[in-house]
1. Only one of (1) closer than 22 Å to residue 575 by Cβ; (2) assigned by TED's automatic domain parsing to the domain that holds residue 558; (3) part of a helix (DSSP H, G or I) fails for residue 408. Which number is that?
2. Please give the number of the condition residue 432 fails out of (1) under 24 Å from residue 569 (Cβ atoms); (2) free of Cβ contacts under 8 Å to residues at least 40 places away in the same chain; (3) touching a strand residue (DSSP E or B) at 6+ places or on another chain (Cβ under 8 Å).
3. Could you list, in sequence order, the residues of segment 584-598 that are more than 22 Å from residue 486 (Cβ to Cβ) and surrounded by fewer than 20 Cβ atoms within 10 Å (Cβ to Cβ)?
4. In contact (Cβ under 8 Å) with a residue 60 or more places away in the chain, in a helix (DSSP H, G or I) and touching a strand residue (DSSP E or B) at 6+ places or on another chain (Cβ under 6 Å) - does that describe any residue in segment 674-693?
5. Suppose we filter segment 14-34 for residues that are under 17 Å from residue 333 (Cα atoms) and either touching a strand residue (DSSP E or B) at 6+ places or on another chain (Cβ under 8 Å) or assigned to a helix (DSSP H, G or I) (or both); how many remain?
6. With respect to residue 527, is the statement that it is farther than 21 Å from residue 594 by Cα, within 41 Å of the chain's Cα centre (by Cα) and crowded, with 18+ Cβ neighbours inside 10 Å true?
7. Within segment 380-396, can one find any residue that is out of contact with any strand residue (DSSP E or B) (no Cβ under 8 Å at 6 or more places or on another chain) and not in a helix (DSSP H, G or I)?
């Protein structure tokens, strides 16, 4: 039985160490084959064996770790939950601020009045135990599971400051007995809570913005559609629509599902799916994509795909797969995050004991400062937020990237190989010339009767030409094909061979009478198909597949990025020379059999190059899989190409350059985030511990530490958001 894939929400994760702990517990469970936990979107992506486990077993692992798994709910409810989280954090911050401000003002201005410390303690209580209770509840839950997390650091830091202050208020004599002046740090504890609440409020808002593109993608499909039946028009829920149902779409409406127009015409805005800015003209028999917007006319269409089979669902699943994946650079972050909180607590305790022996009044300040300034959140958000924004930006431009590893590899590409037919060319070859020693229509009759049994693009061109000439074809017999060479069949009891010159020569058929014309057509960049009847060469047909309009510009841009471009083709060398000259490609490999493309990619890799392969995802599947980055040029409807790392939905060559730019910009943002997160902790923790105090008299106030910690996560998320406005 196949593995089952599920996604669960875990809203009570507080930092990257939470995610690392849950992920480890899940992966240690027998029957779970793979688990990835994304702190940025509070999700766990789990693949498990349904013969060994049920979903309840998987959830129990998360519960046993101290967290609450929740099923994926409707998009509207999910958005509402995120909004509620933001509003809750905002409310707690505002109420906390009301009580914190008077504490801060009284303490900073050193205003004296009777029972001052008792008043300060009374004002502190709601801040610590009501508006900031989430930190203590989270820390207590972790403690029950013999674990620690970000909440532990905040609870220890603010709790220590509050308890120390409360002891100074209730029993100041105890401090006097040991020769210490009783101090209170109510302003420290409350300001820290308020600033962290502010940080979490801003972080919740920023994460919402970071995931906007992905959310918009998931909200493209309308909930209902107007179904046409014998009883008339009826509004039906999308989940109740079946393949074959007829749907009416009016101007301005979203197209609910994939289908084929059966009546009417229109222009459709497909930009949200393909990245194409110009509306596409659609008529009867044209395919349409669910989630796109009907601009002008009304039309009826027949539903061809529903549920997980629709283009939009496939795109969303690919984007989710991207979000569940981790870039190789993330492995180091995961290791650090797993030990981060324990390490910080150890450093804080060491700081406390050192300062107790050197300068006791500074011990509590440095202890709290170390606990509060440490920020595993920034580490946990650095990679996933950048990938989330990058995935959304790619999807909006019709670029789907399978996983974070592919994204990371794409920026390192040194050589790119292009399959010619259907990739550099439009993929709609047509017969342009016929030269024969019998009637042209007679030659077409024999050739097309054989070729209609083949699915090769060149064969389709021959059949189409016969159709345009109104030639009635017959059923060929004993059809055989030799991939990359030609075909054989019997038509009207005559032996018909169709294929390349080498195919004719291997069958001892003399094509000398056509040799001059073949060479001439090859120099024009045309493919020549030879036809023999009963072992006699009877004619040739020239087939030309026009180059894509953006092919030359794309090649030039790739070369300007210092990427070597190689063209792969089954055509004769003279044809390859002609096409490569038009495109400015210096290196090409002609006369390739389909299975030989993978060997070319391997050879380039053996030369030490990081290689991308661009193809149509069908004949090129082995080469796409072998390449460091396989790029499939999709048709805009069937975009789920298993062997590719990157799929260009509309088959637009210019999007390849955009994909590389997306990779570079996303990885640059990711590395900036990691630098900010690491350098922040590397500098902040020793500074909070007071290493500069003996020599320079510099000591970090815990309130400043809280402000720095609160904004470290926000700065990482904000830096990721900048990526969303980048031009590819």
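The values are calculated or read from the model by the stated rules, or taken from the named source; none is laboratory data. Given the structure is predicted, the values throughout are model-derived calculations rather than measurements. Because the Cβ atoms are built from the backbone with ideal geometry, glycine has one as well, and the counts that use them run over all protein chains shown.
1. It is condition (1) that residue 408 fails.
2. (2)
3. Narrowing segment 584-598 to residues more than 22 Å from residue 486 (Cβ to Cβ): 584-588, 598.
Answer for segment 584-598, where residues must be more than 22 Å from residue 486 (Cβ to Cβ) and surrounded by fewer than 20 Cβ atoms within 10 Å (Cβ to Cβ): 584, 586, 587, 598.
4. No, that holds for no residue.
5. Narrowing segment 14-34 to residues under 17 Å from residue 333 (Cα atoms): 14-24.
Remaining after also requiring either touching a strand residue (DSSP E or B) at 6+ places or on another chain (Cβ under 8 Å) or assigned to a helix (DSSP H, G or I) (or both): 16-24.
Residues flagged as under 17 Å from residue 333 (Cα atoms) and either touching a strand residue (DSSP E or B) at 6+ places or on another chain (Cβ under 8 Å) or assigned to a helix (DSSP H, G or I) (or both) within segment 14-34 amount to 9.
6. no
7. no
Quick grid of which residues meet (1) touching a helix residue (DSSP H, G or I) at 6+ places or on another chain (Cβ under 6 Å); (2) surrounded by 13 or more Cβ atoms within 10 Å (Cβ to Cβ); (3) farther than 26 Å from residue 594 by Cα:
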site	(1), (2), (3)
439	no, no, yes
443	no, yes, yes
446	no, yes, yes
449	no, yes, no
454	no, yes, no
460	no, yes, no
470	no, no, yes
480	no, no, no
485	yes, yes, no
